[in-house]
Amino acid sequence: KWRHNCALYVEPKDGATCGGCQIIKGPINPDGWCMQWVAKQPS
């Protein structure tokens, strides 16, 4: 349940280290763990 493989995770922009989330405000570390995690669908 890591952010980098979550369907709600928003990739960082302009060389930033942290990205975002569609439901949680503020910066999100891509290696962070979250209870709101949703499996990313295979592309």
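Computed from the coordinates by the stated procedures, all read-outs in this text should not be read as laboratory data. These numbers come from a predicted model, not from an experiment. Here the Cβ positions follow ideal geometry from the backbone for every residue, glycine too, while neighbour counts run over all protein chains shown.
Looking for something in a strand (DSSP E or B), loosely packed, with under 14 Cβ neighbours inside 10 Å and within 8 Å of the chain's Cα centre (by Cα) - is there at least one such residue anywhere in the stretch 6-21? Scanning the stretch 6-21, I find at least one residue that is in a strand (DSSP E or B), loosely packed, with under 14 Cβ neighbours inside 10 Å and within 8 Å of the chain's Cα centre (by Cα), so the answer is yes. Taking first residues from the stretch 1-22 that are over 12 Å from Trp33 (Cα atoms) and partners that are surrounded by fewer than 12 Cβ atoms within 10 Å (Cβ to Cβ) and among the small types (Gly, Ala, Ser), the Cβ contacts under 8 Å between residues at least 6 apart in sequence or on separate chains come to Ala7/Ala39; Gly20/Gly26.
How many residues are in a loop (DSSP other than H, G, I, E, B), within 10 Å of Asn5 (Cα to Cα) and not basic (Lys, Arg) if we restrict to the stretch 22-41?
Let us first name the residues in the stretch 22-41 that are in a loop (DSSP other than H, G, I, E, B), namely 22-27, 29-32, 34-38, 40-41.
Cutting the leftovers down to within 10 Å of Asn5 (Cα to Cα) gives us 30-31, 37-38, 40-41.
With not basic (Lys, Arg) added as a condition, the list becomes 30-31, 37-38, 41.
Number of matching residues: 5.
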